[in-house]
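**Q** Just passing along the structure, written as structure tokens.
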Amino acid sequence: MKSPRRPRSSRQTVPTHAPVHAHAPVVLDVPGLSLDESDRRRLLHPLTGGVILFARNWHNRAQLTSLCAEIKSVRDDLLICVDHEGGRVQRFKTDGFTHVPAMRRLGEMWTDDCQGRAQVEGLGAMRAMAAATACGYVLASELRACGVDLTFTPVLDLDWGESGVIGDRAFHRDPRVVSMLARAVMQGLQQAGMSNCGKHFPGHGFVKADSHVDVPVDRRSLKAILADDARPYEWLDLSLGSVMPAHVIYPKVDAAPAGFSRRWLQDILRAQMGFTGAIFSDDLSMEGASVAGNHTQGAIAALNAGCDLVLLCNQSVQGGAPVDALLDGLLQAQADGLWQASPDSEARRLGLLPQHHPVPWDDLMHQPAYQQALARLPA
């Protein structure tokens with residue numbers, strides 16, 4: 001099985017003005033285009049392990065690069081993340097950022113072997129694979145040039161045609177096609193020096209309800225889910241750097257949503273499928289997470305179930321009291337023995353940090369590999 005990459009040396013990962021962290025599981029957000037004193041205080045909290053950026057943190061490339069540098073100046077071991085998949089989920093869209101198509105477009109390419117004399121069996125699959133690698137490379141290289149470490153992609157949910165929140169974010173209905181195209185996207189990410197995050201385990205595409213505003217329930221059997229929606233996780237286990245479980249309840253498997261379920265995360269994902277990478281919770285402020293209680297209770301439940309990191313998104317605005325409550329509550333819960341720090345989880349977090357410096361934006365624009373990738377993007 002794949003083992004996490006070794007953390008970089010302590011001199012590289014933890015600056016002298018930051019404490020050494022036994023386990024820093026919280027990924028939080030910041031409200032604006034730069035950091036204020038409250039942001040810096042939260043980033044120095046011993047349980048903070050990363051930052052997730054949103055469109056409100058974007059003005060232009062220079063500002064984004066400056067913001068990422070500010071974050072790293074506070075603690076250079078912090079993992080800077082973003083949801084930047086292409087299609088309708090792309091946080092940065094102007095000032096040179098390429099509009100990468102939705103992943104469904106790659107699935108459509110897979111089945112298009114052309115017509116007439118140009119028709120060649122399997123041509124669509126080969127063209128789609130090349131385009132998928134190009135998508136991953138363009139996404140990652142542009143983000144890395146601005147200082148972002150990780151984007152939460154690829155989406156491994158199957159396109160059942162029912163889920164509005166997944167929709168064209170999914171590659172295809174066939175788990176084999178999803179696995180092959182996701183592998184190609186991840187190859188492109190890797191070539192640009194970025195890890196990956198498969199989501200939403202074991203699958204969010206079958207249910208209509210949106211876990212942002214509802215508590216979705218998928219009533220299929222474990223056998224049915226493992227034979228279909230969860231297959232990409234089984235087939236890609238050696239390539240996945242991290243996984244994000246769904247805020248979906250599968251009552252024939254567990255009464256808790258997957259992200260709060262030891263059975264899903266420990267027994268199935270880790271023990272049965274052999275996954276050894278990092279596990280992120282989905283956003284604890286989503287309605288699908290409300291069944292676990294408040295943000296602190298949800299974080300404790302997720303960590304005890306097997307998550308290495310927990311996300312709390314869009315809670316830093318208007319003073320950020322929910323973020324402070326989570327950090328302080330989780331610290332107190334640790335002191336009370338309600339959850340335990342995990343050095344293995346911390347190693348998995350550090351293993352997601354890029355291992356090499358990015359290519360600066362101006363140099364990237366003239367890089368032959370980048371230009372070739374742009375030319376291979378689907379229309």
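The values are calculated or read from the model by the stated rules, or taken from the named source; none is laboratory data. Note that the structure is predicted; figures quoted are calculated from it, not measured. Counting neighbours? That spans all protein chains shown, and the Cβs are built from the backbone with ideal geometry, glycine included.
**Q** Against the definition (more than 19 Å from S242 (Cα to Cα), over 19 Å from the mean Cα position of the chain (by Cα), modelled with pLDDT of 95 or more and among the basic types (K, R)), how does R105 come out, yes or no?
**A** Spelling it out, R105 is indeed more than 19 Å from S242 (Cα to Cα), over 19 Å from the mean Cα position of the chain (by Cα), modelled with pLDDT of 95 or more and among the basic types (K, R).
**Q** Take the residues in the stretch 243-262 that are in contact with a strand residue (DSSP E or B) (Cβ under 7 Å, 6 or more places away or on another chain) and part of a helix (DSSP H, G or I); name whichever of them is surrounded by the fewest Cβ atoms within 10 Å (Cβ to Cβ).
**A** Residue satisfying both the conditions and the ranking: A258.
**Q** Take D83 and tell me if it is at pLDDT 95 or above, under 25 Å from R183 (Cβ atoms), surrounded by 16 or more Cβ atoms within 10 Å (Cβ to Cβ) and among the charged types (D, E, K, R).
**A** When the stated conditions are applied, D83 passes them.
**Q** Here's another thing I want to ask about it. Mind counting the residues in the stretch 87-141 that are among the β-branched types (V, I, T), assigned to a loop (DSSP other than H, G, I, E, B) and within 20 Å of T151 (Cβ to Cβ)?
**A** The total comes to 3.
**Q** Does L44 satisfy the condition of being more than 21 Å from G193 (Cα to Cα), free of Cβ contacts under 8 Å to residues at least 60 places away in the same chain and aliphatic (A, V, I, L, M)?
**A** yes
**Q** Quick one: which residue in A325, A369, A347, A373 is within 21 Å of S285 (Cα to Cα) and either without any contact (Cβ under 8 Å) to a residue 40 or more places away in the chain or of a type in the set (G, A, S) (or both)?
**A** A325
**Q** Within the stretch 266-285, can you find the residues that are touching a residue at least 24 places away in the same chain (Cβ under 8 Å) and either surrounded by fewer than 23 Cβ atoms within 10 Å (Cβ to Cβ) or farther than 23 Å from F54 by Cβ (or both)?
**A** Hits for the stretch 266-285 are Q266, I268, L269, R270, M273, G274, F275, T276, G277, S285.
**Q** Just to verify a result, which residue in the stretch 286-303, among those that are surrounded by fewer than 19 Cβ atoms within 10 Å (Cβ to Cβ) and not polar (S, T, N, Q), is farthest from S316 (Cα to Cα)?
**A** This residue is V291.
**Q** So which helices (runs of 4 or more DSSP H) are wholly in the stretch 263-379 and hold at least 2 residues that are among the acidic types (D, E) and more than 23 Å from G136 (Cβ to Cβ)?
**A** Hits in the stretch 263-379: 321-335, 343-351.
**Q** Can you find, within the stretch 62-86, the residue that is farthest from G205 (Cα to Cα) among those that are part of a helix (DSSP H, G or I) and hydrophobic (A, V, I, L, M, F, W, C)?
**A** V74
**Q** Going by what's in this entry, would A209 be described as touching a Pro at 6+ places or on another chain (Cβ under 6 Å) and surrounded by fewer than 24 Cβ atoms within 10 Å (Cβ to Cβ)?
**A** It is true that A209 is touching a Pro at 6+ places or on another chain (Cβ under 6 Å) and surrounded by fewer than 24 Cβ atoms within 10 Å (Cβ to Cβ).
**Q** Right, here's the next one. Looking at (1) closer than 27 Å to A192 by Cβ; (2) in contact with a Phe, Trp or Tyr (Cβ under 9 Å, 6 or more places away or on another chain); (3) surrounded by fewer than 20 Cβ atoms within 10 Å (Cβ to Cβ), can you tell me which one N314 breaks?
**A** Status for N314: all satisfied but (1).
Residues are listed down the side, and each one gets a yes or a no for (1) more than 15 Å from the chain's Cα centre (by Cα); (2) at pLDDT 95 or above; (3) farther than 23 Å from I279 by Cα:
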position: D113; (1), (2), (3): yes, no, yes
position: A132; (1), (2), (3): yes, yes, yes
position: C135; (1), (2), (3): yes, yes, yes
position: S163; (1), (2), (3): yes, no, yes
position: I166; (1), (2), (3): no, no, no
position: F171; (1), (2), (3): yes, yes, no
position: A184; (1), (2), (3): yes, yes, no
position: G188; (1), (2), (3): yes, yes, no
position: N196; (1), (2), (3): no, yes, no
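**Q** Regarding V155, is this residue closer than 27 Å to A246 by Cβ and either crowded, with 23+ Cβ neighbours inside 10 Å or modelled with pLDDT under 95 (or both)?
**A** yes
**Q** Please tell me if H172 is in contact with a Gly (Cβ under 8 Å, 6 or more places away or on another chain), surrounded by 19 or more Cβ atoms within 10 Å (Cβ to Cβ) and either within 26 Å of V248 (Cβ to Cβ) or in contact (Cβ under 8 Å) with a residue 12 or more places away in the chain (or both).
**A** The answer is yes for H172.
**Q** Which count do you get for residues in the stretch 274-288 that are more than 17 Å from the chain's Cα centre (by Cα) and closer than 15 Å to M244 by Cβ?
**A** Within the stretch 274-288, residues that are more than 17 Å from the chain's Cα centre (by Cα) and closer than 15 Å to M244 by Cβ number 1.
**Q** Further question on the same structure: Looking at V323 and the list (1) surrounded by fewer than 17 Cβ atoms within 10 Å (Cβ to Cβ); (2) more than 22 Å from D237 (Cα to Cα), which single condition is not satisfied?
**A** (1)
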